[in-house]
Structure formats: structure tokens, C-alpha cells
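Okay, so here's the structure we're looking at.
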Amino acid sequence: MSEAHESSERPQKRYFVGITGASGVVYGVRLAQALAELGHRVDVSISDAGERVLAIEHDLRRPAGASDARWIVGSEAAPRVRLLDNRSIEAGPASGTYPLAAAAICPCSMGTLGRIASGYSSCLIERVADVQLKEGRSLVLVPRETPLSRIHLDHLNRLAWAGATIAPAMPAFYTRPRSIEELIDHLVAKVMDAMGVPHELVRRWGMPKSEHHGRRPPNLPTDPGPRPDLEPEDRHDLGEGCDA
Ligand SMILES: Cc1cc2nc3c(=O)[nH]c(=O)nc-3n(C[C@H](O)[C@H](O)[C@H](O)COP(=O)(O)O)c2cc1C
């Protein structure tokens, strides 16, 4: 972590990032990294489906007995990132008294979205979302699905009505991205804006080029490599079931 990022220019805050089983788990990983790079404390929780998608999309798997976040955010960001078990409903962020500045569920599956919209609170990620809404604090949801059913749209509308910011995982091309990493950072920058986090992750429209523009996640390969899980006989199942 560079000295600039370690400096006390910005007050250190606490943020929560929930990673669920929608496509685009890399957004959540990059969000946690970016918040840590800014010197903030980040609590990360991953749903079981989120861990499966991390393995499918990035070959990232939690090593047996891993107690820190290095395997997911890399060794540079790990000291500021705490990985919380999604079953830990007793963890700090599950309480309204915990001083969370903002929370993001990134990406947010339609399953998690529906459960938050119904107030289920059946795991830490859902509970944190519920707490942020009841406390009137920042909750940013990053849904990813296409097409959207009326049920999805109803849940999104309900959650926006309840106070959440809906920031869909929709890549933008007006910045003329030169790489997938730039597309990822653009979305993550929008999420941090919605969380109220000052940052210089990307160049802002109409503003001079930022020195941080184009930094890529340290532990995520640019080339995802061969796709052993997408052999021809599997394609049909994945395509129909998950819109993967
Ligand atoms: C490779 C893969 C991609 C998926 N992509 C999505 C997606 O983009 N959106 C979504 O809502 N569900 C997606 N799913 C399905 C969810 O993972 C599934 O509904 C899961 O139960 C969600 O659980 P969670 O909300 O606890 O994370 C995907 C599943 C897989 C295996």
C-alpha cells in the first residue's frame, strides 16, 4: 500500500461489502480492494453461491483453514480487510450500533435481492442490508441479471422506496475502456460514489486524467484462461439456469 494511500488525508471509515452469487463477483473483490487502498477498514462476507461463482469465473477458492482475506483481495489490501462468515449473524455489522459508513452488496443476486426486499435477514449479508435500511444509512445494491422479471423489478422498486441505492452492474462504453479492468473500475467507481466514498479511481468526465486511472486488481488474471467448466455438454445447462 503506498504512502499516499496510508496517509491521514482522508478519515478512515468502516465499510461492508457483501459478495453474492451473481455473475460479476470481480466487482465486489475490486470494491473491497479499492476501499482498502484508500485506507478504510472493510468487512467482506461472501455467500456460498458467491464462493462458487468466484471459483467458476476466476478460479479463486478459499484455501482450507484460511483466516485472512489474502486469497480474495491479495496481500496488499488484506491487512485492512476482514473476512466474515456469512453465517456470523453475531458479527459487528449485524448490529445497528456498529459504525458502518456504508454497505454494498456487489454483485447482488436476485435471490439475495428478494430476501432483502422481504426483510428475511437469514444471513449476515441480508442482515447488514436490513440494518442499513432500518438505520437510514447508505445501502448500495449492485444487481446483475438479464432479462429482469416483474418480480425482480418489483423488488428493485421496493428497495429503492425503502432507501437503497440501486446501482446495476451495467458496463458503460462512453469512456472508451481499453480493458476489462477499466470497465470493472468504472462500475466500482460509480458504486463508491453511491456509497459516499471520495476517490480517484477513474477519470471523471470533463476532468483531467487521474494518476490512478487503469490500475488493475493485483490478484485477478487479465486472461481468465481455459474454461474447463464450459465444455459443450455443460453449456446448455449453465445457459438456461443461470444466464451465465
Ligand atoms: C456461474 C453462475 C452465474 C450466476 N449468475 C447469476 C446472476 O447474474 N444473477 C443472479 O441473480 N443469479 C445468478 N446465479 C444464480 C445464483 O448464484 C443463485 O440463485 C444463488 O442461489 C444465489 O444465492 P445467494 O443470493 O445466496 O448468493 C448464477 C449462478 C452461477 C453458478
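The values are calculated or read from the model by the stated rules, or taken from the named source; none is laboratory data. Since the structure is predicted, the reported quantities are computational estimates derived from the model, not experimental observations. When we count neighbours, we look across all protein chains shown, and the Cβ atoms used for this are built from the backbone with ideal geometry, even at glycine.
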Unmet criterion (only one of (1) part of a loop (DSSP other than H, G, I, E, B); (2) touching an Asp or Glu at 6+ places or on another chain (Cβ under 8 Å)) for His152
(1)
Could you give me the residue pairs with C-beta distances under 7 Å whose first residue belongs to the stretch 160-178 and is surrounded by 13 or more Cβ atoms within 10 Å (Cβ to Cβ), whose second residue is at pLDDT 95 or above and aromatic (Phe, Trp, Tyr) wherever it lies, and which are 6+ apart or on separate chains?
Ala169/Tyr27
Before we move on, is Leu148 surrounded by fewer than 23 Cβ atoms within 10 Å (Cβ to Cβ), within 16 Å of the ligand (Cβ to nearest atom) and at pLDDT 95 or above?
yes
Across the stretch 101-134, what is the total count of residues that are buried (at least 22 other Cβ atoms within 10 Å of the Cβ) and more than 16 Å from the ligand (Cβ to nearest atom)?
2
The lone condition Thr97 fails out of (1) of a type in the set (S, T, N, Q); (2) over 14 Å from the mean Cα position of the chain (by Cα); (3) within 14 Å of the ligand (Cβ to nearest atom) is (3)
Among (1) at pLDDT 95 or above; (2) within 22 Å of Phe16 (Cβ to Cβ), which single condition is Leu201 missing?
(1)
Output yes when any residue across the stretch 169-187 is under 13 Å from the mean Cα position of the chain (by Cα) and assigned to a loop (DSSP other than H, G, I, E, B), and no when none is.
yes
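Any idea which of Arg80, Arg87, Arg61 is more than 22 Å from Ser109 (Cα to Cα) and of a type in the set (Lys, Arg)? Break it down stepwise before answering.
Working: Arg87 fails: more than 22 Å from Ser109 (Cα to Cα); Arg61 fails: more than 22 Å from Ser109 (Cα to Cα).
Answer to the check: Arg80.
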Does any residue in the stretch 51-63 that is within 19 Å of Arg87 (Cβ to Cβ) come within less than 6 Å, Cβ to Cβ, of a residue that is near the ligand (Cβ under 7 Å from one of its atoms) and at pLDDT 95 or above six or more places away or on a different chain, and which pairs are these?
Val53/Gly21
Within the stretch 74-98, tally of residues that are in contact with a Leu (Cβ under 7 Å, 6 or more places away or on another chain) and among the aromatic types (Phe, Trp, Tyr):
0
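Looking at the stretch 94-118, which of its residues are within 25 Å of Ser149 (Cβ to Cβ), of a type outside the set (A, V, I, L, M, F, W, C) and touching a helix residue (DSSP H, G or I) at 6+ places or on another chain (Cβ under 6 Å)?
Looking only at the stretch 94-118, we keep the residues that are within 25 Å of Ser149 (Cβ to Cβ), and these are 104-118.
Those still in the list that are of a type outside the set (A, V, I, L, M, F, W, C) too: 107, 109, 111-112, 114-115, 118.
Listed by number, the residues that qualify are Pro107, Gly114, Arg115.
Of all residues in the stretch 47-65 being within 6 Å of the ligand (Cβ to nearest atom) and aliphatic (A, V, I, L, M), which is surrounded by the fewest Cβ atoms within 10 Å (Cβ to Cβ)?
Pass one, the stretch 47-65, residues within 6 Å of the ligand (Cβ to nearest atom): 47, 49-50, 52-53, 56.
If we keep only those that are aliphatic (A, V, I, L, M) too, we end up with 49, 53, 56.
On the way: Ala49: 17, Val53: 24, Ile56: 19.
For the stretch 47-65, the residue satisfying everything is Ala49.
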